[in-house]
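Remarks on the structure that follows.
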Amino acid sequence: MYARSIMLVLIAAFAVCGCNRKPRINGELDTLDVCALVTTAEADRIIGPANNASTAAAHEPGFAGACDWPFSRNEAPARLSAWVMTKASASNLVTTPTRWFNNETRLAEARANLGDPARIRGIGDAAFLYGTILFARQGETVLIVRTDRGDAAQIEDFARLLFSPKK
């Protein structure tokens with residue numbers, strides 16, 4: 001009886017804490033509206049009030065979608081962009097997001113062009129920051145988040161937000 005009561009309390013606590021919320025990114029989709037994953041209020045909190053609404057961005061083969069969020073930095077136009085690769089979208093690459101993320105040729109090219117990365121803890125399963133470009137992986141989902149005039153904190157906060165569950 002005591003064990004059953006504890007189990008019921010744990011199940012209720014799990015439901016109340018929101019731990020059963022779905023992830024923002026559905027890794028089973030091969031196309032994704034990345035702009036719709038972030039609310040205007042969330043974007044404003046991270047990058048400040050946007051100059052214009054977010055817009056879908058061009059993305060490379062293998063990525064499910066991308067989005068640009070314009071904002072101002074020191075009264076100059078700036079942009080934060082995010083690309084999402086899912087297990088389904090990577091299928092046309094004949095690889096998985098994990099293999100793409102860990103590909104030695106791609107990593108060597110990134111180091112040659114962007115320098116040595118800083119490992120960022122607390123974002124997905126693995127995250128590496130190359131200046132103003134963050135590569136992050138959580139399970140079989142890969143994010144690339146970059147900014148042209150923002151800072152590392154904005155990039156990291158956006159990646160955390162995209163990997164967070166839906167509210």
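Each reported figure results from applying straightforward, stated rules to the coordinates on display, with no laboratory input. Because the structure is a prediction, the values reported are computed rather than measured. Cβ sites come from the backbone with ideal geometry, for glycine too, and all protein chains shown count toward neighbours.
Points worth noting:
- Among (1) in contact with a Leu (Cβ under 8 Å, 6 or more places away or on another chain); (2) under 23 Å from V34 (Cα atoms), the one test that P117 misses: (2)
- Residue check for N113: surrounded by fewer than 15 Cβ atoms within 10 Å (Cβ to Cβ), more than 19 Å from the chain's Cα centre (by Cα) and of a type in the set (S, T, N, Q): yes
- D157 meets all of the listed conditions (1) part of a strand (DSSP E or B); (2) under 24 Å from L32 (Cα atoms) but one, namely (1).
- Qualifying residue in the stretch 91-99 (condition: among the aliphatic types (A, V, I, L, M) and either in contact with a strand residue (DSSP E or B) (Cβ under 9 Å, 6 or more places away or on another chain) or on the phi > 0 side of the Ramachandran plot (or both)): yes
- Within the stretch 67-100, the residues that satisfy the criterion of being closer than 18 Å to T141 by Cα, touching a Leu at 6+ places or on another chain (Cβ under 9 Å) and hydrophobic (A, V, I, L, M, F, W, C) are C67, A82, W83, V84, M85, A88, W100.
- Of all the numbered requirements in (1) surrounded by 16 or more Cβ atoms within 10 Å (Cβ to Cβ); (2) in contact with an Asp or Glu (Cβ under 8 Å, 6 or more places away or on another chain), E156 misses one, and that requirement is (2).
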